[in-house]
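Right, one structure below, let's go through it.
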Amino acid sequence: AEALLGELEARVQEVVRASSWWERHGVDCAILALSLLALPPGFLCLRSDSPLVFALGITILGVCHYTLTVKGSHLATHGALTESRGWSKVWTLFFVEVCTSFTAEYAKYGHVKMHHGYTNVLGLGDSSTWRLPCLNRYVYMFLAPLLIPIITPLVAVERLREVELRTALRTLGLISLGLYSQYWLLLNVSGFQSPSSALACMLITRSLLAHPYLHVNIFQHIGLPMFSPDKKPRQIHMMSLGVLNLPRLPVLDWAFGHSLISCHVEHHLFPRLSDNMCLKVKPVVSQFLHEKQLPYNEDSYLARFRLFLQRYEEFMVQTPPITELVGLQ
């Protein structure tokens, strides 16, 4: 298994070394910069009396919000935006705490250390934080995503009990800066007349892509093989068995990034690669896994959606069965 992973790493690194800075980091940085530059037109569109222009403003702000919070935070947390450790820290604080209203420390611990280090290992990186057994399938799949903008900062504040005071104060300050900035801009640039209307607009824009965000997070791991902590397989088997790619979806490719949509297997094998580089090495990874007769899971968004509605109790309520791979632990 170690030899297999080493062989794959050598092939991928060959592609990376032959790639320019623009391919390694520039494309994704440009998408994030464009999202920041699109914010002023979005706020100005909300001044319009025209329903179409107003809806355009909501769409711009909603898509930009998810591009900055999902794509930006994900890449920054993995250190995939820059090769500078100092700037990587700055971007993590900006995208995770200011834009996403979450805590950078827990994002790194929960996502990078646990989810990536123990992908589909029960009780560690098994995506169980996304399970809410108290909700039925229709409430969970259709209504629960609308609460994500409210739940996210509340969870962040709860997690602050586990960090030192200085870090907690920094996080609270940056989260407050991000939330108040949007609120202030809606009142003073977009011309909202009341605090309640501005808060409602914040909720709408921050919920615009909440449904696919929740769905993608469960579709790509839950329902696939799960492993016990004491018998987890080697990395290449764990990632090829426990991760699934969705097809290219233009809006989600832009807002969430290739590494969360069509290149999730590649991302789990090489988490420090940017979205654009995950897309570039995708043919190398898929060819290698097929050559070695290893799984390369792919399915459509609609097929996974139907599957989760049909087997919701099995996937999201009951404890998943453990997969044992004889000789591969």
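Numbers below:
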item	result
Overall form of the stretch 108-169 per C-alpha gyration tensor (a/c, 1.5; a/b vs b/c)	oblate
For the stretch 221-276, size of Cβ-based charge dipole, Lys and Arg +1, Asp and Glu -1, in debye	200
Unit charges on C-beta of K, R, D, E only; dipole of the stretch 1-317, Debye	220
Nearest 10 degrees, 0 to 90: helix 195-207 Cα axis against the chain principal axis	20
For the stretch 309-317, 3J(HN,Hα) per residue [Karplus equation, 6.51 cos²θ - 1.76 cosθ + 1.60, θ = phi - 60°, Hz, x = Gly/Pro]	5, 6, 10, 4, 4, 5, 7, 10, 10
Neighbourhood charge, 9 Å Cβ-Cβ cut-off, centred on F219 and excluding it, Lys, Arg +1 and Asp, Glu -1	0
Helix axis angle, 165-188 relative to the chain longest principal axis, alpha carbon, degrees	50
Which listed pairs, of K71/K280; K89/K113; K89/K232, have C-alpha distances above 24 Å, in listed order	K89/K232
Whole-Hz ³J(HN,Hα) from phi, Karplus 6.51 cos²θ - 1.76 cosθ + 1.60, for the stretch 106-120, glycine and proline x	6, 4, 5, 5, x, 8, 6, 6, 8, 5, 7, x, 9, 4, 6
Degrees, to the nearest 10: 51-66 long Cα axis against longest axis of the chain	40
Answer label, with semi-axes √(5λ) of the Cα gyration tensor in Å calculated from the coordinates and candidates (i) 26, 24, 19; (ii) 34, 23, 20; (iii) 63, 27, 14	(ii)
The stretch 218-245 versus the stretch 36-65: alpha-carbon centroid distance in Å	40
Residues whose placed amide H lies under 5 Å from that of E298, excluding near-sequence neighbours	N245
Residue (of S101, L160, H268) at the positive-pole extreme of the stretch 1-317, dipole from beta-carbon charges	L160
Net charge of Cβ neighbours under 14 Å - reference A168; Lys, Arg +1; Asp, Glu -1	-1
Length released on extending from L5 to Q193, taking residue separation times 0.36 nm less the Cα-Cα span	61.9 nm
Portion, in percent, of the accessible area of the chain that falls on carbon or sulfur, probe 1.4 Å	64
Peptides 86-99, 120-133, 39-52 ordered by average Cβ neighbours within 10 Å, highest first	86-99, 120-133, 39-52
HN-Hα J in Hz across the stretch 18-34 - Karplus 6.51, -1.76, 1.60, θ = phi - 60°, x for Gly and Pro	7, 9, 7, 4, 4, 6, 6, 9, x, 4, 6, 5, 5, 4, 5, 5, 4
Approximate spin-label separation R137-R47, in nm, with each point projected 7 Å along Cα-to-Cβ	4.9
Burial order of peptide ranges 257-265, 204-212 (average beta-carbon count within 10 Å, highest first)	257-265, 204-212
Unit charges at the beta carbon, dipole of the chain: most positive-side option, F305, A10, F54	F54
Heavy-atom accessible area per residue - the stretch 171-304, 1.4 Å, Å²	39
Point-charge dipole on Cβ atoms (K/R +1, D/E -1) for the stretch 198-329, about Cα centre, debye to 20	180
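The values are calculated or read from the model by the stated rules, or taken from the named source; none is laboratory data. Given the structure is predicted, the values throughout are model-derived calculations rather than measurements. So basically every Cβ, Gly included, is an ideal-geometry build from the backbone, and we count neighbours across all protein chains shown. For accessibility, only protein heavy atoms count, side chains too; no ligands or nucleic acids. Shrake-Rupley method; radii C 1.70, N 1.55, O 1.52, S 1.80 Å.
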